Amino acid sequence: MNLLDGKKLAKDIKAEIAEAVQQMTNDGQKAPHLAAVLIGEDPASQVYVRNKVRSCEQVGFQSTLVRRPADITQEEVLQIVDELNKNADIDGFIVQLPLPDHLDEEAITLAIDPRKDVDGFHPVNFGRMSQGMPAYLPATPSGILEMLRRYEITTEGKEVVVIGRSNIVGMPMSILLAQKAYPGNATVTICHSRTKDLAAHVKRADILVAAIGRADFVTADMVKEGVVVIDVGINRVDDPTAKRGYRLKGDVDFDGVSPKASYITPVPGGVGQLTVTSLLMNTLKAARKEIY
Ligand code: BQF
């Protein structure tokens with residue numbers, strides 16, 4: 001078993017981004033500037049946003065955090081998005097999901113200028129991505145592609161099984177791995193809650209992407225010997241012995257599955273790390289106007 005070490009890759013990628021920022025500022029340009037909108041007090045969202053702001057600092061980006069209470073109105077959120085769209089100093093911004101229930105996530109995502117949509121969630125970016133046009137790719141699939149590239153994992157002709165069909169992970173991941181590209185050229189199966197005999201599909205996978213959102217969902221009996229396992233799950237499970245009272249577990253039973261896997265991502269320290277570096281890469285591209 002080989003570990004797909006997200007922590008190490010993230011360190012390398014951040015050093016590369018920091019170098020690019022140095023170049024820009026040496027050339028008299030301003031540093032890339034990312035803004036994040038955080039609404040409410042969701043504990044996981046607070047961790048993620050703090051993580052993103054700290055990562056910006058590490059690479060020399062400017063960052064702006066816009067924090068608002070959970071009872072903000074839809075109109076007020078749209079007002080913030082509009083201001084960020086117009087603010088020439090901001091290269092890209094994100095609205096941290098999930099949003100409180102009374103807010104319309106779809107309408108808010110649609111209000112973001114696609115040229116500043118560094119999360120790649122706007123349907124214009126999804127559409128461009130689907131057609132192989134330059135686009136801001138959603139951060140998690142983009143991070144997974146980068147991981148496959150850097151570990152030189154072959155995807156051409158491989159059986160890929162993606163479990164999960166979300167707009168931000170499962171769907172775009174499936175499209176990207178089926179595209180005529182590297183990494184890509186795979187034969188992709190999308191499994192979901194209505195799939196009949198999920199275990200039979202998973203058993204055929206050369207590469208498995210697990211994006212379900214349930215701790216230890218994939219067990220050793222379900223996978224083929226030699227499988228490459230990409231575990232997207234970030235699940236909090238109670239652990240009284242941990243300092244925060246919980247620990248993170250993936251969607252894959254790591255201890256059971258890893259002896260059968262040729263490569264596997266750990267949780268924590270796997271895909272999540274690359275999700276954050278992909279957001280930074282997208283912001284760098286936005287500052288350089290590389291996409292459109
Ligand atoms: C790690 C996310 C579900 C829903 C909304 C590093 C992150 C997580 C884990 C992180 C995630 C998950 C993010 C690790 C951002 C990934 O070392 O294992 C980084 O910050 N993530 C998010 O912004 O929104 C989510 C998962």
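The values are calculated or read from the model by the stated rules, or taken from the named source; none is laboratory data. This is a predicted model, so every value here is computed, not measured. For neighbour counting, all protein chains shown are included, and Cβ atoms are generated from backbone atoms with ideal geometry for every residue, glycine included.
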The helices (runs of 4 or more DSSP H) lying wholly within region 28-141 that contain at least 2 residues that are surrounded by fewer than 14 Cβ atoms within 10 Å (Cβ to Cβ), within 15 Å of the ligand (Cβ to nearest atom) and not β-branched (Val, Ile, Thr) are 43-59
Enumeration of residues in region 247-292 that are farther than 20 Å from Asn87 by Cβ, within 11 Å of the ligand (Cβ to nearest atom) and assigned to a helix (DSSP H, G or I): Val271, Gly272, Gln273, Leu274, Thr275, Val276, Thr277, Ser278
Is one or more of the residues making up region 2-25 at pLDDT 95 or above, part of a loop (DSSP other than H, G, I, E, B), crowded, with 17+ Cβ neighbours inside 10 Å and away from the ligand (no atom under 16 Å from the Cβ)? no
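Please verify whether region 218-241 includes one or more residues that are within 16 Å of the ligand (Cβ to nearest atom), assigned to a loop (DSSP other than H, G, I, E, B) and more than 30 Å from Gly127 (Cβ to Cβ).
Yes, the conditions are met somewhere in region 218-241.
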Hey, does region 138-159 have a residue that's of a type in the set (Gly, Ala, Ser) and more than 17 Å from the chain's Cα centre (by Cα)? yes
Total residues in region 243-286, condition of a type in the set (A, V, I, L, M), over 25 Å from Ile90 (Cβ atoms) and touching a Phe, Trp or Tyr at 6+ places or on another chain (Cβ under 8 Å): 3
